[in-house]
Amino acid sequence: MGVTMSTMRTRMRKLSSQIFVAQLVILTVTMAVGFGLFANAERNHLDSHYESRAASIAETVAGVPAIRSCMAVERPGCAGTIQRFASETQRQTGASYVVLIDMNRVRHSHPDPALVGKRVEEQIVTRDGKVHVRTDNGSTGPSANALAPLYGPTGTMAGEVSVGIPESSVSSALWRELPSFAVWFAIALGVGALASWGLARRLKHRTFGLELDEIARLLQEREATLHGIREGVLAFDKDDRVNVVNDEAQRLLRLPVGAVGRRLDEVLPDGRLRDVLAGRGTKQDDIVFTDDFCLVINRMPVTFGGRPNGAVVTLRDRTEMSALLRELDGERSLTESLRAQQHEFSNRMHAVAGLLELGRTDEALCYVTEVRGTAAEFDNTLRTHIATPQIVGLLLGKAAEASERGIEFVISPETWLGDTPEKVQALTTIVGNLIDNAFDAVATAAAPRRVVVEIVEESAHVTVTVTDNGPGIAPGTEHLIFQDGFTTKPAMDGRRGGLGLALIHRLIVRLHGSIEVSTGPGARFTVQLPKRPAATAVDAGSPP
C-alpha cells in the first residue's frame, strides 16, 4: 500500500499528470455546473409547458355549452353534471384538480366533495377576460395552475375555471429527459478529457520532458549563471529583438532600462557597435571602441530545426588590457630605440677600433668627429626647437630606429614646442603612433625613404604634422582608416591590427581636436589640439 501511494505521488509530480488532472477537475466542475444550470432551465421550460397545458384544459372546459348554461343559471341536476364533468376531465387529462367557481367565489366542483359549495379565499382574477397561469400550492399540493374566464350563453361572465397539473408530473418528465442529456454531457466530458490528455502530452514534449521543479531549478540556475559571469551576454531573436541581457552587458553597452523586448535599433544609436551586434560585417573577436570601453565582441547565430532563430552575443571588456598593451607597446618602442642606439653605437665603435688597429688614427679621429657632429647637430636641433623632455626623448628614440631601418627622419625647422605644453601625455601618444604608422608605410617603399615631423605650438592650439613618402592613403578610404580594425597590414604575432589610428582618433575627438589626412602618394597627417582643456578631456594614460 505504501509503495502504491509513493508511486502515485511520484506520478502526480509529473508535469503532464498535473496538467491533465487540473484540466480534468476543471472540466468536471464546469460540466457539473453546466448540467445543473441546464436542468434548472429545463425545469422552467417544463413548468411553462405544463402551465400552457393547464390553460388549454381550462379554456376547453370553459367552452363546453352545458357547463356554460349550468354556471349561468343554476337548474336542477346542474350540480351533479358539473361535478361529474370536472371529475371525468381530471381523470382523462391527469390533472390534479378541475374546479369551477362562480362570480360569488363559490366552488361548483372539486376533487374533495366536502369543499364543493364552499367559498374560495382568492378573488376572481379572470375579470379582465384573460387567462392567468401560475404555480399554486393548493390543498392538493404544488401544481402548475391555469385560470380561464367562463362566460354564460349570453356572453355574461359567469365565473372561472381553475385547472392544476401536479408538480410531480413535471418532475417525472424532467427525470425522464435528464438521462439522455447526461449521456451527452458525459460524452463531452470524455472528449474534453482526451483533449486535455493530448494537450498535456504536447506540453510535456514542448518542455523536453522536464518537470515543474526541474524547470524552476533550471530557471534559477540560468539567472544565477547569466548574471554572475564576468562577460556580457545578449540574445536576439530573428527580428533583432533583445531577449536576454545580463548585468555586465547592461553596464558595458549602457543600455536603457527595459531594453528586453525592444529592437536593437531602438536601444543603441547608429554606428559600428550596432552593426557588429547585428552581425553586419563582423568577425571573430571583433574589437569595438565605445566612449568608455574597449570591447571584444563575438556573435554566434542560433539555429533551431535548421532555421535561423536569432543570435547570442558575448562581450568582453578589454579596456584595462588595451591600456596595458599600449603601455607595453611604448616600452617595446623604447626598448627598440635603445637597441637601435646600442646597435648603431656598436657599429661605430667597431669602425673606430678597426681604423685604430690599422694605424689610421687621423681617419678614426675624423670619423669620431663627424659622428659626434651629426648626433650633436640632431640633438641640438631637437633641444633648440622642443623644450619638452618627453617629446625630445621620444623623437631621439624614433631617430635611432629610423637610422637602423634606413629611413631619413627629419624634424621640420618650423617645429617649436614649449617646455610645459598642455596634454603632454596625449601629445606623446599621438606623435608616437603617427611616426610608427609612417615608418610602417615607408618600410616597403623604394629608397630614399623619408619621414618629416613638424610640431608647432601656437597661442590657441598645438599642430602636429607627420608626412611620409610612402604609397599614401587610397582615395575613398580616408575616413575608414580611423575605424576599429581597419588595416592594410597583415596581422603580426597573432595580434589584431587597425587599432592605432582608431585609438588616437578617439583620443583627439575626446580632446575636442581634429585630424586630417591627405590622399594619394605620400601620406600627410595633420592633428590640431586646443590648448584650453575641455571638461570632458581625459588623460592619454586613462583607459579608452
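Bear in mind these aren't lab numbers, they're just calculated from the coordinates by the rules spelled out. None of the values given here were measured: they were computed from a predicted structure. Reconstructed Cβ throughout: ideal geometry from the backbone, glycine too, with neighbour counts over all protein chains shown.
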Practice item. Write down the radius of gyration of the stretch 229-317 and its Dmax, each obtained from C-alpha positions, in Å. Key: 12.1, 39
Study note, to complete from the structure: The answer for T415, listing residues at least 5 apart or on another chain whose modeled amide H is closer than 5 Å to its amide H, is I455
Check your understanding: Per residue and in cubic angstrom, what volume does the convex hull of the Cα atoms of the stretch 28-100 have?
Key -> 80 Å³
**Study point:** Whole-number D in µm²/s for the stretch 265-308 (Stokes-Einstein; Kirkwood sum over Cα pairs; 37 °C, 0.692 mPa s)
**Key:** 281 µm²/s
Point to revise | Isotropic mean projected area of the C-alpha convex hull, the stretch 74-148 (nm²) | key: 5.2 nm²
Review point. Label-point separation (nm) for E478 and T384, each offset 7 Å from Cα along Cα-to-Cβ?
Key: 3.4 nm
**Study point:** When the convex hull of its Cα atoms is projected in every direction, mean area for the stretch 230-271 (nm²)
**Key:** 2.9 nm²
Review point. Which peptide among 241-248, 268-275 comes first, and what is the full order, when sorted by highest mean count of other Cβ atoms within 10 Å?
Key: 241-248, 268-275
Exercise for review: Normalising by the residue count of the stretch 229-317, find the relative contact order in percent from Cα pairs under 8 Å and 6+ residues apart.
Suggested key: 30 percent
